[in-house]
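Report on the structure given below.
The values are calculated or read from the model by the stated rules, or taken from the named source; none is laboratory data. The shown structure was predicted, so the numbers you read here are calculated from the model rather than taken from an experiment. Here the Cβ positions follow ideal geometry from the backbone for every residue, glycine too, while neighbour counts run over all protein chains shown.
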Amino acid sequence: MESSDKSIRKQGERAEETKRNIAESAAKLFTARGYDAVTMREIAKDAGCSHTTIYLYFKDKEVLLEQLAIPPLQTLETLLLSIQAHEEWSEAEKLKEKSRQFLRFCLSHKSMVAVILGVKSVRVDEKDPEGDLNKLRNRIFGYLTEGIEHFIPAANEQARIDQSRIYFFMLYGMVFTYMNSEEPLEPLLKRILPIMDKAIEVLLAGMLHKRDSSQLVTAMKPETQQDKKQGKREKLEKQEKQEKQEKQDKKQDKKRKDKKSKKQEEK
């Protein structure tokens with residue numbers, strides 16, 4: 001019985017090792033060549049198992065992708081939710097801390113971040129995307145950007161999406177600027193996180209200024225348009241009056257010339 005238990009345990013350990021090897025090979029090949037270019041057969045070969053064995057563990061590449069991407073994203077989601085739960089923090093401070101942790105996450109998963117966040121992704125503003133992975137990705141996008149909405153309420157849904165994208169462009173710029181840095185993670189973060197904080201402050205200040213300027217322009221716009229219309233009407237009226245006067249002057253001048261010519265003929 002004891003021998004049988006050991007055999008079962010060893011089989012289980014070998015199965016877990018095979019599964020782990022397949023996942024590691026998939027991660028390596030997806031990163032090196034791109035998700036779409038890699039086949040299940042190639043993953044199996046790199047993992048040292050047969051092309052039939054791989055299907056005992058993963059039915060297709062999409063399941064493999066989820067196996068690689070969902071666990072780290074779940075950890076990130078838990079962290080972002082814990083930050084949001086700090087009621088004593090301002091929305092601006094929550095946004096900064098979420099951004100710091102997102103940057104740390106990406107630079108901690110340099111080789112896989114493009115796969116984790118990008119492969120088979122959908123628009124981040126989709127309300128109910130298909131698949132657990134994209135649902136999780138879009139939830140994380142929502143956690144990151146809700147601070148913008150609290151800090152600067154958008155006038156409409158499109159404005160909210162635009163604000164979120166502007167923030168994400170900045171965030172991804174920071175991520176991919178240092179993606180290939182060989183500097184150790186902690187010294188790198190110590191150096192660039194203060195820059196991240198300043199970038200968010202500038203971003204929020206710019207959005208506030210844009211909003212206030214837009215409100216001012218909107219308030220002035222009807223009056224300005226009315227003035228332009230009125231000025232255009234006055235200009236047209238003046239031009240028409242001038243043209244009419246010129247016609248009358250020419251007509252009177254012709255009459256005088258005709259009258260003078262007639263008198264000369266009578267003499």
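Listed here are the residues, each with its yes/no results for (1) assigned by TED's automatic domain parsing to the domain that holds residue 107; (2) in contact with a helix residue (DSSP H, G or I) (Cβ under 8 Å, 6 or more places away or on another chain).
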{"residue": "14", "(1), (2)": "no, no"}
{"residue": "21", "(1), (2)": "no, yes"}
{"residue": "49", "(1), (2)": "no, yes"}
{"residue": "78", "(1), (2)": "yes, no"}
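In this entry, residue 94 passes the filter for residues that are outside the structural domain of residue 41 (by TED's automatic domain parsing), touching a Gly at 6+ places or on another chain (Cβ under 8 Å) and assigned to a helix (DSSP H, G or I). For the stretch 97-149, taking the residues that are in a helix (DSSP H, G or I) and of a type in the set (Asp, Glu), the one that is nearest to residue 82 (Cα to Cα) is identified as 97.
Only residues that are farther than 22 Å from residue 130 by Cα, among the basic types (Lys, Arg) and either surrounded by fewer than 14 Cβ atoms within 10 Å (Cβ to Cβ) or in contact (Cβ under 8 Å) with a residue 40 or more places away in the chain (or both) were counted in the stretch 44-69, giving 0. Filtering the stretch 83-120 to residues that are under 26 Å from residue 204 (Cα atoms) and basic (Lys, Arg) leaves 94, 96, 98, 100, 104. Got at least one residue in the stretch 107-129 being surrounded by 19 or more Cβ atoms within 10 Å (Cβ to Cβ), of a type in the set (Ser, Thr, Tyr) and in contact (Cβ under 8 Å) with a residue 60 or more places away in the chain? No.
Any chance you could count how many residues in the stretch 176-224 are modelled with pLDDT of 85 or more and either among the small types (Gly, Ala, Ser) or in contact with a Gly (Cβ under 8 Å, 6 or more places away or on another chain) (or both)? Of the residues in the stretch 176-224, 4 are modelled with pLDDT of 85 or more and either among the small types (Gly, Ala, Ser) or in contact with a Gly (Cβ under 8 Å, 6 or more places away or on another chain) (or both).
The listed residues are 44, 32, 27, and the only one of them that is among the small types (Gly, Ala, Ser), under 30 Å from residue 179 (Cα atoms), modelled with pLDDT of 95 or more and not assigned by TED's automatic domain parsing to the domain that holds residue 120 turns out to be 44. On inspection, residue 164 does not qualify as among the small types (Gly, Ala, Ser) and under 23 Å from residue 71 (Cα atoms).
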